[in-house]
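See below for the structure under consideration.
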Amino acid sequence: MTSSRVPVPNPLGILLELTHRCPLHCPYCSNPLELDKRSAEIDTATVLRVLDEAAELGILHVHLSGGEPTARRDIVEITAKCASTGLYSNLITSGVGPAAALLPALADAGLDHVQLSLQGTTPVSADKVSGLKGSHEAKMKFAAEVDRLGLSLTVNAVIHRGNIGEVEGFIEKAIELGARRLEIAHTQYYGWAYKNRAALMPARPEVERSIRIVEAARERLSGKLVIDMVVPDYYALRPKACAGGWGRKFMNVSPNGRVLPCHAAESIPGLEFWHVQDHSLGDIWQNSPAFNAYRGTAWMPEPCQSCERKELDWGGCRCQALALLGDASLTDPACGKSPFHSRIEALAASEAAETAPPDYIYRGPGQTVAAREHEDVLP
Ligand code: SF4
Ligand code: FES
């Protein structure tokens with residue numbers, strides 16, 4: 001890893017993972033295998049100081065996330081702090097548990113935006129994925145409360161083999177719920193989701209169909225609903241600029257205060273993360289070893305180093321290179337120029353072709369397992 005000390009513009013957004021506690025058990029969860037315990041979560045005073053520092057850095061957006069962020073007792077105070085410091089607040093929530101009851105207080109505190117996850121479009125399909133009976137019904141009530149309070153709503157649907165046939169339904173549901181934005185996000189295989197990849201991988205024709213549906217809906221619903229789409233890396237020809245490029249736009253604070261360049265960065269061995277308890281956000285952004293490890297282009301190997309896209313996608317995803325190739329500093333194998341690209345395609349095709357895919361391994365308390373040592377790193 002080579003540190004490249006190019007001038008570093010300040011970040012635009014910060015994701016505060018306020019807790020890893022969550023009422024749902026989704027198999028596609030991208031949180032790490034080892035979750036932070038409640039006793040390790042940073043306290044209210046530290047969160048409020050971090051928000052002051054974020055505002056001073058010129059950060060515009062704060063995403064209050066988790067786990068389920070409303071599981072924290074201080075979520076109203078945290079939201080009020082976002083408002084008083086001029087930070088645009090986005091609550092990323094399951095809508096289950098205390099979320100609906102807290103919404104009026106959150107709206108009073110100045111909450112700007114709500115992002116609600118849906119696992120399916122019917123109680124049967126959604127509850128099967130969330131692993132919690134009644135979760136879909138709770139989400140519908142939550143969305144009605146968002147509407148009643150006049151809050152701005154985005155619906156997020158993580159797509160996989162189990163619900164890829166519901167893309168049209170997600171679009172209809174988003175309109176029905178009064179959302180102005182819908183994210184159709186194909187599963188990213190990090191953290192817990194990586195364990196479930198064989199159960200979640202859709203087939204290429206289904207992926208292509210989902211893309212056609214979204215493209216047609218974008219045209220039809222222009223001015224009414226914005227639809228963002230994250231295509232599956234395993235079927236892509238070029239990788240995404242993960243997190244907007246390592247250390248370029250975005251910071252992620254884990255529940256216990258480690259500051260990460262992306263939410264899966266802790267899967268990369270040898271990176272040194274700094275904590276908000278020990279350093280200011282500005283110091284971490286400029287100087288922490290983890291942020292400088294893959295910042296800029298100096299660290300890049302070939303084919304990235306001589307590629308005309310290297311300042312567009314920044315070499316793709318480091319965590320995916322690690323998970324699939326065992327080396328975070330290689331070109332993301334989602335890229336067609338990677339010498340390993342054909343293998344990732346073959347892997348996806350063989351998993352998707354499995355007529356009897358494995359059962360979901362649900363996420364839940366006590367289901368933290370020892371991290372796999374990249375056991376299916378591509379040969
Ligand atoms: Fe991006 Fe590297 Fe692929 Fe070029 S070779 S498109 S920089 S990942
Ligand atoms: Fe870590 Fe993509 S998830 S760089």
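Worth pointing out:
- Any hit, segment 305-313, residues being modelled with pLDDT under 95 and either in a helix (DSSP H, G or I) or within 16 Å of ligand 2 (Cβ to nearest atom) (or both): no
- Test: residue in segment 153-168 that is under 15 Å from Val129 (Cβ atoms) and of a type in the set (Asp, Glu): yes
- In the set Trp285, Trp299, only one residue is open to solvent by less than 60 Å² (accessible area, probe 1.4 Å), in contact with a strand residue (DSSP E or B) (Cβ under 7 Å, 6 or more places away or on another chain), modelled with pLDDT of 95 or more and not hydroxyl-bearing (Ser, Thr, Tyr); that residue is Trp285.
- Residue in segment 295-305 that is more than 9 Å from ligand 1 (Cβ to nearest atom) and closer than 24 Å to Val230 by Cβ present: yes
- The residue pairs whose first member lies in segment 253-281 and is within 16 Å of ligand 1 (Cβ to nearest atom), whose second member is of a type outside the set (Phe, Trp, Tyr) and not in a loop (DSSP other than H, G, I, E, B), and whose beta carbons are closer than 8 Å, counting only pairs six or more residues apart or on different chains, are Cys262/Cys242; Cys262/Ala243; Cys262/Asn252; Cys262/Arg318; Cys262/Cys319.
- Meets criteria (of a type outside the set (Lys, Arg) and touching a Leu at 6+ places or on another chain (Cβ under 7 Å)) for Ala264: no
- Complete set of residues in segment 37-48 that are in contact (Cβ under 8 Å) with a residue 60 or more places away in the chain and out of contact with any Ser or Thr (no Cβ under 8 Å at 6 or more places or on another chain): Ala40, Ile42, Thr46
- Going through (1) more than 14 Å from ligand 1 (Cβ to nearest atom); (2) buried (at least 22 other Cβ atoms within 10 Å of the Cβ) one by one, Cys335 falls short only on (1).
- Consider segment 92-115 and keep the residues that are under 24 Å from Val129 (Cα atoms) and touching a helix residue (DSSP H, G or I) at 6+ places or on another chain (Cβ under 6 Å). The one that is surrounded by the fewest Cβ atoms within 10 Å (Cβ to Cβ) is Pro98.
Residues are listed down the side, and each one gets a yes or a no for (1) open to solvent by less than 40 Å² (accessible area, probe 1.4 Å); (2) in contact with a helix residue (DSSP H, G or I) (Cβ under 9 Å, 6 or more places away or on another chain); (3) closer than 26 Å to Ala100 by Cβ:
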site	(1), (2), (3)
Thr19	yes, yes, yes
Asp36	yes, no, yes
Val47	yes, yes, yes
Asp52	no, yes, no
Glu56	no, yes, no
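- No other residue among Phe291, Phe340 is more than 9 Å from ligand 1 (Cβ to nearest atom), open to solvent by less than 10 Å² (accessible area, probe 1.4 Å) and aromatic (Phe, Trp, Tyr) apart from Phe291.
- In segment 257-295, the residues that are over 18 Å from Val62 (Cβ atoms), more than 16 Å from ligand 2 (Cβ to nearest atom) and among the polar types (S, T, N, Q): Gln277, Gln286, Asn287
The values are calculated or read from the model by the stated rules, or taken from the named source; none is laboratory data. Please read all numbers here as calculations on a predicted model, not as lab measurements. Note: ideal-geometry Cβ built from the backbone for every residue, glycine included; neighbour counts use all protein chains shown. When the accessible area is computed, the model is the full protein with side chains, heavy atoms only, and any ligands, DNA or RNA have been set aside. Shrake-Rupley method; radii C 1.70, N 1.55, O 1.52, S 1.80 Å.
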